[in-house]
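The values are calculated or read from the model by the stated rules, or taken from the named source; none is laboratory data. Keep in mind it's a predicted model, so treat the numbers as computed, not measured. Heads up, the Cβs are rebuilt from the backbone with ideal geometry, glycines too, and the neighbour counts pull from every protein chain shown. Surface accessibility is based on the protein's heavy atoms, side chains included, excluding ligands, DNA and RNA. Shrake-Rupley method; radii C 1.70, N 1.55, O 1.52, S 1.80 Å.
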Amino acid sequence: MITKVLMVCLGNICRSPLAEGILKSKVNPKKVFVDSAGTAGYHVGNKPDPRSIAVAKHNNIDISQQSCRKFSTADFKDFDLIYVMDNSNYNNVISLAKSDEDIKKVKLLLSETKLETKEVPDPYYDADEGFTTVFNLINNACDHIAKKLI
C-alpha cells in the first residue's frame, strides 16, 4: 500500500513545493507518494518561486518541474496525511473538512519536530536567507516524517 502525503502552504510556490521535494528525496517513491498544494489559487499552473527552486537545487533537490495547484476537498479523500505550514493554512484546510476523519489527517508540519516554533514562516517577502531558513526547518521535519513512514 502506498502512503499519500500532501504538503500545503498559501500559494504553493515557496514552502509546500520545498516540502514536497524534500520529503520525496527521503522516501521510497514505491511506498510514499508526495504532492503539494496551496490554500489560495494565486499561482495555479506556475512553477515554484525561483528562490525555492534555487535553495532546493543548492541542496541537490530538483523542484523545477512542479506545478502549483489549489487545495481541494477531494484531497481529503486522496491523501492519508496532510501537512500544513502554519496556523492560517491549518484553519483554511480544516474549514473545508467534511468529517472528523478529514480533520485527523491535517497536522502542522513542524509538529513532527522538537522545535519550539510550530509554524514554517512564509519567506515570500523575505531575502534569500529566509528561503535557507525555511529549507532547514522543512528538512528537519521531513527527516522525522520519513522515519515514521519507513
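When both segment 85-103 and segment 134-150 are represented by their alpha-carbon centers, they are found 21 Å apart. Ranked by the mean number of other Cβ atoms within 10 Å per residue, highest first, peptides 62-69, 2-9 order as 2-9, 62-69. Across the chain, the relative contact order, built from alpha-carbon pairs under 8 Å that are at least six residues apart, equals 28 percent. Any lysines with Cα under 26 Å of the Lys26 Cα? List them, leaving off those in the same chain fewer than 8 positions away. Within reach: Lys4, Lys47, Lys57, Lys70, Lys77, Lys104, Lys105, Lys107, Lys114, Lys118, Lys147, Lys148. For the chain, the fraction of 1.4 Å probe accessible surface lying on carbon and sulfur atoms is 51 percent.
Multiply the residue gap between Ala127 and Ala40 by 0.36 nm, knock off their C-alpha separation, and tell me the result in nm, one decimal place.
Extra length from Ala127 to Ala40 when fully extended: 29.1 nm.
The sum of -39500 (n - 2.57) across all DSSP H runs of n ≥ 4, divided by the residue count of the chain, sets its helix-only mean residue ellipticity at 222 nm to -12000 deg cm²/dmol. Full extension of the chain between Glu101 and Asn87 gives 3.1 nm of extra length, using 0.36 nm per residue less the Cα-Cα distance. With θ taken as phi - 60° and the Karplus curve 6.51 cos²θ - 1.76 cosθ + 1.60 applied, the whole-hertz 3J(HN,Hα) list for segment 128-140 is 4, 5, x, 6, 5, 4, 5, 4, 5, 4, 5, 4, 4 Hz, x standing for glycine and proline.
For the chain, rounded, prolate or oblate, judged on the Cα gyration tensor with a ≥ b ≥ c (square roots of eigenvalues), a/c < 1.5 rounded, else prolate if a/b > b/c?
Working: a/c = 1.36, a/b = 1.21, b/c = 1.12.
It comes out rounded by the Cα gyration axes.
Taken one residue at a time, the phi angles of segment 42-55 give Karplus couplings (6.51, -1.76, 1.60, θ = phi - 60°) of 4, 10, 3, x, 7, 7, x, 3, x, 6, 5, 4, 5, 5 Hz. Gly and Pro are set to x.
If a/c stays under 1.5 just call it rounded; otherwise compare a/b with b/c (prolate if a/b is bigger, oblate if not). Do that for segment 81-150, with a ≥ b ≥ c from the square roots of the Cα gyration tensor eigenvalues.
Working: a/c = 2.68, a/b = 1.37, b/c = 1.96.
Here segment 81-150 falls in the oblate category.
I'd like to check one number: the per residue accessible area of segment 1-108, probe 1.4 Å, reported in Å² as a whole number.
Value for segment 1-108: 50 Å² per residue.
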